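*Asks:* Pasting in a structure now, in structure tokens, and then I'll have a few things to ask.
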Amino acid sequence: MASSFSSELMRILLCAFVLSVRSSFEKKVLVHGAQITVSVSSLSPSVNCTASTNNVNSTLKLVHKYGPCSQLFDGGPINHTQVLLEDMARVKWIQSKISNSISGTSDLKESNVSLPASNSTNGGGYVVTIGLGTPTKDLTLLFDTGSALTWTQCEPCISCYSQAEPIFDPSNSSSYANISCFAPSCIGLASGTGELPGCSGSRCIYGTGYGDGSSTVGLFATETLTLSPTDVITNFEFGCGQNNGGLFDGYAGLLGLARDPISIIEQTATKYGRYFSYCLPPSTSAPGYLTFGRDKVTSPSLSFTPMVTVAQNPLFYGIKIIGISVDGKPLSIPSTVFSSASTIIDSGTTVTQLPPTAYTALRSAFREAMANYTSAPPFEPLDTCYDFSGVSTFTGPVITFTFDGPINIDLDLSGMFYVVDVSQVCLAFVAGADDFAIYGNTQQRTFEVVYDVTGGQIGFGAK
């Protein structure tokens, strides 16, 4: 295990790698004020899973769960219909977590569910590989800023889905220990899971559910968590899931980074200071990274916006949008549109959800700027698409988000478009609810996104 961790972590992608990708990409990109001219061929980049060997400590390689750099990759093309269906389910799940109250006590025996493939709550997410137990076993987990509890499937299974690695067996680990029903962390589980804990004898039983009906239930326990050969966290509290339902696409569970005492961010507060960052790659064909600790940030400059507490559910990381510009021109959006909407930044939502008034203004300005290009049919739920077949280059407008601070974030090309193929390149935004918005992971691509939880701020560093 130690050798596999070393070889894997020596390939961790840091921002130096993203810089090199961007450097080669920029040879094909010309920026003209508020517009960008790019090669159409750059919309379908070649696979490059090679990573930098710098700064392996406290850092995990991060890859798109459906991309060719993932061990979950099945060799076929990405099913974009499936990704966007999952994304819509993810949005509904987040809305349910904001609107629903804490549910009843968890039961290890009565949680089996079955879902159709289109109802995963995880959207176009990213996965990381961690080590768990003594001796350490590799597990691929979805990294999720919208969930607090870290959990993995465990033997003996009452109900387990198929995953890439062998299911974790706590009986083979010398560092595993169950948590008592009367332990403070068990009693406080509801804030992080949305469900009251249960008991099996004196053992704490956790349960957490998702908006589409999927769930995980099992033993709440402690174990040794290994991020790198030099970053080992003992007595890490996690969910050892023995009854798991829903479609989880082959990965072993979730790594929870939300705002709650049970989150890995709070459990490692002494070590990392409640400070983490990630860099999502420009495409599914390259890796990015997730890193813990202030001294690991590599962006030459960062712009910070205040971290907002979402009153309906403080698990989520809130931000405040002030305005949006297209082609260097601010959109005419009433200030009340954003001030009356709760906005979160989320690692698992693929395309940004905007209040309808804001989305309509963005779509109108974008279509006007792209009027010289051939339209393509909508790709549900994306309604503004273009056909670049036979076109060698195209010029598009820069989309700029203004967040509280104020700070201005110019989106990377990969943050403006969702590419089905060159004949269907779509604006990567949709109209959501009037009172709710999500800043999705497509718009975060190529930025180093920094979460300074103690300082109450979120930073964006353009690469």
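The values are calculated or read from the model by the stated rules, or taken from the named source; none is laboratory data. Note that the structure is predicted; figures quoted are calculated from it, not measured. Note: ideal-geometry Cβ built from the backbone for every residue, glycine included; neighbour counts use all protein chains shown. Keep in mind that these areas ignore ligands, DNA and RNA; they rest on the heavy atoms of the full protein, side chains included. Shrake-Rupley method; radii C 1.70, N 1.55, O 1.52, S 1.80 Å.
*Asks:* Do we find that residue 299 is polar (S, T, N, Q) and surrounded by fewer than 18 Cβ atoms within 10 Å (Cβ to Cβ) in this structure? Full working, then the answer.
*Replies:* Details: polar (S, T, N, Q): yes; surrounded by fewer than 18 Cβ atoms within 10 Å (Cβ to Cβ): no.
Judged against the criteria, residue 299 is not a match.
*Asks:* Confirm whether residue 445 is closer than 24 Å to residue 37 by Cα, modelled with pLDDT of 95 or more and assigned by the TED database to the domain that holds residue 303.
*Replies:* No.
*Asks:* Also, quick follow-up: Working only within region 169-207, note down all residues that are open to solvent by 10 Å² or more (accessible area, probe 1.4 Å), part of a strand (DSSP E or B) and of a type outside the set (D, E, K, R).
*Replies:* 177, 178, 180, 196, 199, 200
*Asks:* Considering only residues that are over 23 Å from residue 262 (Cβ atoms) and either at pLDDT 95 or above or assigned to a strand (DSSP E or B) (or both), which ones fall in region 302-318? Talk me through it step by step, then tell me what you get.
*Replies:* Kept after step one, since they are over 23 Å from residue 262 (Cβ atoms), are these residues of region 302-318: 302-306.
Result: 303, 304, 305, 306.
*Asks:* Can I ask one more? Can you tell me which of (1) under 22 Å from residue 281 (Cα atoms); (2) in a loop (DSSP other than H, G, I, E, B); (3) among the polar types (S, T, N, Q) is the one residue 389 doesn't meet?
*Replies:* (1)
*Asks:* For region 196-250, enumerate the residues that are at pLDDT below 95, more than 15 Å from residue 141 (Cβ to Cβ) and among the aromatic types (Phe, Trp, Tyr).
*Replies:* 210
*Asks:* Among the residues of region 273-291, is there at least one that is outside any strand (DSSP E or B), open to solvent by 50 Å² or more (accessible area, probe 1.4 Å) and not assigned by the TED database to the domain that holds residue 233? Break it down stepwise before answering.
*Replies:* Pass one, region 273-291, residues outside any strand (DSSP E or B): 273-274, 280-287.
Now narrow it down to the ones that are open to solvent by 50 Å² or more (accessible area, probe 1.4 Å): 274.
Okay, now just the ones that are also not assigned by the TED database to the domain that holds residue 233, so none.
No; the residues of region 273-291 include none that is outside any strand (DSSP E or B), open to solvent by 50 Å² or more (accessible area, probe 1.4 Å) and not assigned by the TED database to the domain that holds residue 233.
*Asks:* Just to be sure, is residue 165 acidic (Asp, Glu) and surrounded by fewer than 21 Cβ atoms within 10 Å (Cβ to Cβ)?
*Replies:* yes
*Asks:* Are any residues in region 302-339 closer than 29 Å to residue 144 by Cβ, in contact with a helix residue (DSSP H, G or I) (Cβ under 9 Å, 6 or more places away or on another chain) and either open to solvent by 60 Å² or more (accessible area, probe 1.4 Å) or among the hydrophobic types (A, V, I, L, M, F, W, C) (or both), and if so, which ones?
*Replies:* Passing the criteria: 310, 312, 314, 315, 316, 320, 321, 322, 324, 337, 338.
*Asks:* For residue 290, only one of the following conditions fails: (1) of a type outside the set (Gly, Ala, Ser); (2) closer than 25 Å to residue 87 by Cβ; (3) touching a Cys at 6+ places or on another chain (Cβ under 8 Å). What is its number?
*Replies:* Of everything listed in (1) of a type outside the set (Gly, Ala, Ser); (2) closer than 25 Å to residue 87 by Cβ; (3) touching a Cys at 6+ places or on another chain (Cβ under 8 Å), residue 290 misses just condition (3).
*Asks:* Let me ask something additional. Scanning for something at pLDDT 95 or above and among the small types (Gly, Ala, Ser), does region 138-147 turn up at least one residue?
*Replies:* no
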